[in-house]
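K.L.:
After the structure tokens below, expect a handful of questions from me.
The values are calculated or read from the model by the stated rules, or taken from the named source; none is laboratory data. Note that the structure is a prediction, hence the values are computed from the model and not measured. Here Cβ is always computed from backbone atoms with ideal geometry, including for glycine, and neighbour counts include all displayed protein chains.
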Protein chains: 4
Amino acid sequence: MGEDRSSRKEAIMKAALSVFSQHGFHAARIEDISREAGVGKGTIYQYFSSKEDLFRAMLIDGMERYVRILQSTVEEEDRVRDRIRVLFQTNLYLARTNSRAARVILEGLTGLGDEMHDWFLGLRENILSSLENLVREGIERGELRPVNPRHAAYLLLGVLHTLAVAGMMGETEDETISDMVLMGLEPR
Amino acid sequence: MGEDRSSRKEAIMKAALSVFSQHGFHAARIEDISREAGVGKGTIYQYFSSKEDLFRAMLIDGMERYVRILQSTVEEEDRVRDRIRVLFQTNLYLARTNSRAARVILEGLTGLGDEMHDWFLGLRENILSSLENLVREGIERGELRPVNPRHAAYLLLGVLHTLAVAGMMGETEDETISDMVLMGLEPR
Amino acid sequence: MGEDRSSRKEAIMKAALSVFSQHGFHAARIEDISREAGVGKGTIYQYFSSKEDLFRAMLIDGMERYVRILQSTVEEEDRVRDRIRVLFQTNLYLARTNSRAARVILEGLTGLGDEMHDWFLGLRENILSSLENLVREGIERGELRPVNPRHAAYLLLGVLHTLAVAGMMGETEDETISDMVLMGLEPR
Amino acid sequence: MGEDRSSRKEAIMKAALSVFSQHGFHAARIEDISREAGVGKGTIYQYFSSKEDLFRAMLIDGMERYVRILQSTVEEEDRVRDRIRVLFQTNLYLARTNSRAARVILEGLTGLGDEMHDWFLGLRENILSSLENLVREGIERGELRPVNPRHAAYLLLGVLHTLAVAGMMGETEDETISDMVLMGLEPR
DNA sequence: AATGAATGAGCATTCATTCAT
DNA sequence: TATGAATGAATGCTCATTCAT
């Protein structure tokens, strides 16, 4: 029964991602989400207190999945430079294959109240910390030039973002960009 | 008379920027814009055919101003590396001082039809070309390492975007990022 | 349940007839209809897709009721001349007692698109055919002079219309008109 | 100058007839009328106090023209039966060639206040009186059977109306109807 | 718990009318 | 007198949310 609840909630969130991605927050209709989820309209309100609440939950869930995928990918590599490289690649790949979702996530910040804004800043800070640690480790191992780790983390995040936008836009960049960035970071 | 028309239209667009920035497209109400512009509700429809038309006009106008400011700033510098540096600085400064506007512009891409999407891609392509030319010139002058100019342009745009988001978020990055990027591009 | 739906739809159409009759199509407000029907504004849109759709449905329903009443009245008489006489009488009676409804129905033809226009022509043709058959039967039975049945049907419809307008206007004609018409049709 | 005023007013009423005929009262826009009349929007309010006032004036003017044409046609004939015959013919012809105008006049009665309703009843009464006199004269001359003149007038008006609707609908009746009516009225 | 019929707040847009020029 | 830019009242329709079943 707890299973049922859980799976039903997930079905709704999945449908929400689909519908919000296609129409954006305001144009998406609760009824469409309920139909896509295969539940009644009222049922959604058993799991989420409002449309906005559902959007928040979906956004948070989506982002956390996204970050988790990136993390797991990174952990498979040993050398820091390879980690950065697969980070870029996977990021681009995900953005390409989920361009609609990526777009609605980018949109998600506006008009959704300070609570979300703060949550987003927190998530961003987490990612920056991870990247910072990655750079610091690279420096310690001698794989990267001794730059300011915080600033390098910003640079990496920026490129991640750019590649996401590029993927979203349907552009097919190869990995030369990451090479250039790494060149700026590598020793010598 | 042409002046009056013109100034009234500008007043409306200015008010639109303000209101759209605060609430986003859907939550913004025409009546609020008209009040802020100091005109009647109906007057807006003398200059713009719909809420969406007004939003589009405001977005295009805002972006063109933004790009024009960046261009004029760049032209004041002589060396390519300095141009890139002021480009980053000005971009960050503008994003910081117009964070609300920057946010609505970033949001602007979603859900506004293919016409806008195409216009945006066109603008993006223009900017990329300019950056590409900048890099090419830098390479010719020996100021930059002989990288693929197109890819370098992508990198630069990405950093511009990132800095804009950083500025938008109220973060106060210094210019170390641009230094790192430039290190990745500089000869040797 | 089907009952509930049905009765609610009927309540709305009844209220629509009342309100449209009082103010005409454009001046009638959906909110007034919903109030008179005792339902919420939105409920109307569960049963009818637009104000115009509601008007059409009401018009068609009203006309069909009207025609049905006339038909049932006619069928109670045996002789053709008596049928024509009760046709005129009932028509005048209905127009008198439903003058507002009659007016909005007469108005209904204007500005409602070709679909309605075609529907109306079809209804008119049906009525003309019935009248034509009535005249033909009268001729065969020797009750009427051998006139062109089609043209006689036109004449009868014309008088029906006139009497309807007269009834609508509150005038109280007696049946002398039908006598005159019948005189024009009777043998010899 | 008085001429100018007069001709300008006529131009506006002519344009009003055209535009009201095409769209009906509510859907017609003052601006379209002013454009078609070749005057400024405000100018209309120098001659008419409101849209409704203009509609009234146009309706009255149109009906009076209509009646005047019918009268002049009738006066050209000598025998009563021929007068009735040309009355039917001209009426049908006018309705055919001015079907749009005929339609808006038929529509005109609804929702325009009691003042118009009264005016219309008065006009109708005038026409009925004329027809009544015509019938009376026909009886005195022995051209018509000694029927109740008032009731015969009703019959004639009814046929006029029917023929008008038929003409409006684009139907092409010949004059058999008038023959039938006359048969009902002729002596013996 | 699940449903979906019912609800009504909310808003873009139109257009008759005014009035400064 | 003529104009048309400016105005804002008025209303059809949508859709998030509720609640009786």
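K.L.:
Starting from region D:29-42, take each residue that is in the same structural domain as residue D:9 (by TED's automatic domain parsing) and list its partners that are within 12 Å of DNA strand E (Cβ to nearest atom) and assigned to a loop (DSSP other than H, G, I, E, B), counting only C-beta distances under 8 angstrom and pairs at least six apart or across chains.
P.N.:
Going by the 8 Å Cβ cut-off, the qualifying pairs are D:34/D:40.
K.L.:
Going through region A:158-168 one residue at a time, which ones are free of Cβ contacts under 8 Å to residues at least 60 places away in the same chain and surrounded by fewer than 21 Cβ atoms within 10 Å (Cβ to Cβ)?
P.N.:
Answer for region A:158-168, where residues must be free of Cβ contacts under 8 Å to residues at least 60 places away in the same chain and surrounded by fewer than 21 Cβ atoms within 10 Å (Cβ to Cβ): just A:161.
K.L.:
If we keep just the residues of region A:114-152 that are of a type in the set (Gly, Ala, Ser) and touching a residue at least 40 places away in the same chain (Cβ under 8 Å), which is nearest to the other protein chains (Cβ to nearest Cβ)?
P.N.:
Selected residue: A:138.
K.L.:
Looking at residue A:35, is it basic (Lys, Arg) and either at pLDDT 90 or above or not in a helix (DSSP H, G or I) (or both)?
P.N.:
yes
K.L.:
From (1) assigned to a helix (DSSP H, G or I); (2) within 8 Å of DNA strand E (Cβ to nearest atom); (3) at pLDDT 95 or above, pick out the condition that doesn't hold for residue A:12.
P.N.:
Of (1) assigned to a helix (DSSP H, G or I); (2) within 8 Å of DNA strand E (Cβ to nearest atom); (3) at pLDDT 95 or above, only one is false for residue A:12: (2).
K.L.:
In addition: Restricting to region D:24-50, and then to whatever is within 12 Å of residue D:12 (Cβ to Cβ) and among the basic types (Lys, Arg), can you tell me which residue is nearest to DNA strand E (Cβ to nearest atom)?
P.N.:
This residue is D:41.
K.L.:
If you don't mind, another one. Going through region C:18-40 one residue at a time, which ones are within 14 Å of chain D (Cβ to nearest Cβ) and under 22 Å from the mean Cα position of the chain (by Cα)?
P.N.:
Hits for region C:18-40 are C:19, C:20, C:21, C:22, C:23, C:24, C:25, C:26, C:28.
K.L.:
Now for a separate question. Residue C:126: of a type in the set (S, T, N, Q) and either outside the structural domain of residue C:158 (by TED's automatic domain parsing) or crowded, with 18+ Cβ neighbours inside 10 Å (or both), yes or no?
P.N.:
So residue C:126 does not fit the description; no.
K.L.:
If a residue has to be without any contact (Cβ under 8 Å) to a residue 12 or more places away in the chain and either within 12 Å of DNA strand E (Cβ to nearest atom) or in a helix (DSSP H, G or I) (or both) to count, how many in region B:65-81 make the cut?
P.N.:
Selection size over region B:65-81: 4.
K.L.:
Do we have residue A:155 as at the interface with chain B (Cβ under 7 Å from one of its Cβ atoms), modelled with pLDDT of 70 or more and crowded, with 21+ Cβ neighbours inside 10 Å here?
P.N.:
For residue A:155, the condition - at the interface with chain B (Cβ under 7 Å from one of its Cβ atoms), modelled with pLDDT of 70 or more and crowded, with 21+ Cβ neighbours inside 10 Å - is met.
K.L.:
Give region C:84-97 a look and list any residue that's over 21 Å from residue C:131 (Cβ atoms) and not charged (D, E, K, R), or say none.
P.N.:
C:97
K.L.:
Further question on the same structure: Suppose we keep only residues that are surrounded by 13 or more Cβ atoms within 10 Å (Cβ to Cβ) and hydroxyl-bearing (Ser, Thr, Tyr) within region B:3-51. Which one would you say is nearest to DNA strand F (Cβ to nearest atom)?
P.N.:
In this case the residue turns out to be B:43.
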